[in-house]
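The values are calculated or read from the model by the stated rules, or taken from the named source; none is laboratory data. On a predicted model such as this, the values are computed, not experimentally measured, just so you know. Virtual Cβ from ideal backbone geometry, glycine too; neighbours counted across all protein chains shown.
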Amino acid sequence: MSFTYQAKLLNIFDDHMQAMTNTMSGTIFNLNYFLDKLFLILLMLFLLLITYSVYRKEKTAYILLAVLALLAMEGVAISGEKNVQKIQKYPAAEFAHVPYAVQTYKMDLALTNRLENTAELEMSFSAAGDNIKLLLDDCFTIDSVKVNDSLVKFTHKNNVLTISASYRPNETKKVVVSYGGDVQIEDELGVPIYYVTSDAVNLPGWLFAWYPTVPEPKPSYYDVRLDASTKIYSNLGIFTGETEREGETSSLSLFAGQYQTLKENGLTYILPINYNLENFQSRLDLLIQEKTKEKQRTLTTSDIQFLQDRAYKTVIVGSWPYNAKDGDIQLVGNTLFFNYME
């Protein structure tokens, strides 16, 4: 089941009644939010003009204005549909046996109502080649790419950044990608799933390519300077204002919004404001038990033992598609990510 933007506009109920959303983001005041309200005003105007045309002698003017309102409504619907960003399927097959890896990331990242980033990657190569391919979602526009401080040619399509740069075995190169864009990505129900606003952020790095990466990456060293107007939670720690964090991880995930921070038995829980810690712990324990009984496990035996021993240090509730291969929980280092549910 899926909903188009037009279906959402014509829904007589609030969007939150049509499909379950999370409480972390609150209301996202993006362009489509205001188009939705404009459509409602035009609809009321249209109905009012039609009513007037029935009871007034001079009908022509009211009918003409009603037609103009109807055309404006269609323009709003078309504009809103063009502005909708949907979840992309990444071409993981293109990255089978790539002869390179990212050793370190250095990011200069700004989060406002859009994402702006300059990502410096130190890459190592085990074989020769002519192009470097990295995943980067198509919602971003790339300003420039440099390899060893020299501007190079690149293409960016189908969520793949292809950089024209040759390399040899046992060589290292510095790749710098400057890019930015609006992140307002919806699932098939029209619910915001990956987003960046000045107040709310949801960027699960192991699923959504919000920075240049490769599928199923090995751990890299991250040095991230982040500038944001709200508190950002991550598997590298908490960013407040303009903060720099560093550490080793296989992926970097960022979250912000209506959260509460709770501590118990040496563990830090970063939960939505409507969550009760005791109920959440019971739900988490039950989910971990279910994972141990799965015939086709998405977690390794050592990961399950790690979870059963509660060896993780931080738990963060985020949001990602329920049909994702990683299911309801994802373990990244000593941080456990839990998919939002009511």
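A few points about this structure:
- Residue in the range 261-274 that is at pLDDT below 95, under 24 Å from the mean Cα position of the chain (by Cα) and surrounded by 16 or more Cβ atoms within 10 Å (Cβ to Cβ) present: no
- Residue in the range 228-242 that is of a type in the set (D, E, K, R), more than 20 Å from the chain's Cα centre (by Cα) and under 26 Å from THR104 (Cβ atoms) present: yes
- Residue satisfying all of: in the range 78-95; within 13 Å of LEU135 (Cβ to Cβ) and not in a loop (DSSP other than H, G, I, E, B); nearest to the chain's Cα centre (by Cα) among these: ALA92
- A single entry from TYR269, TYR233, TYR195 fulfils the requirement of being farther than 19 Å from GLU120 by Cα and assigned by TED's automatic domain parsing to the domain that holds GLY318: TYR269.
- Scan of the range 28-41 for residues that are closer than 25 Å to ASN202 by Cα and assigned to a helix (DSSP H, G or I), ordered by number: LEU31, ASN32, TYR33, PHE34, LEU35, ASP36, LYS37
Per-residue answers, yes or no, for (1) in the same structural domain as PRO192 (by TED's automatic domain parsing); (2) closer than 30 Å to GLU246 by Cα; (3) outside any helix (DSSP H, G or I); (4) in contact with a helix residue (DSSP H, G or I) (Cβ under 8 Å, 6 or more places away or on another chain):
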residue	(1), (2), (3), (4)
LEU43	no, no, no, yes
THR51	no, no, no, no
LEU64	no, no, no, no
LEU68	no, no, no, no
GLY75	no, no, no, no
HIS97	yes, yes, yes, no
GLN103	yes, yes, yes, no
MET107	yes, yes, yes, no
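- Candidates are the residues of the range 275-322 that are surrounded by 14 or more Cβ atoms within 10 Å (Cβ to Cβ) and of a type in the set (Phe, Trp, Tyr); the one that is nearest to the chain's Cα centre (by Cα) is TRP320.
- The residues of the range 305-319 include none that are among the β-branched types (Val, Ile, Thr) and free of Cβ contacts under 8 Å to residues at least 12 places away in the same chain.
- Identification of strands (runs of 3 or more DSSP E) wholly contained in the range 125-231 with 1 or more residues that are in contact (Cβ under 8 Å) with a residue 40 or more places away in the chain and buried (at least 20 other Cβ atoms within 10 Å of the Cβ) yields 129-135, 160-167, 172-181, 184-186, 192-196, 201-203, 220-228.
- Residue count for the range 329-340, restricted to those that are within 17 Å of the chain's Cα centre (by Cα) and surrounded by fewer than 19 Cβ atoms within 10 Å (Cβ to Cβ): 1
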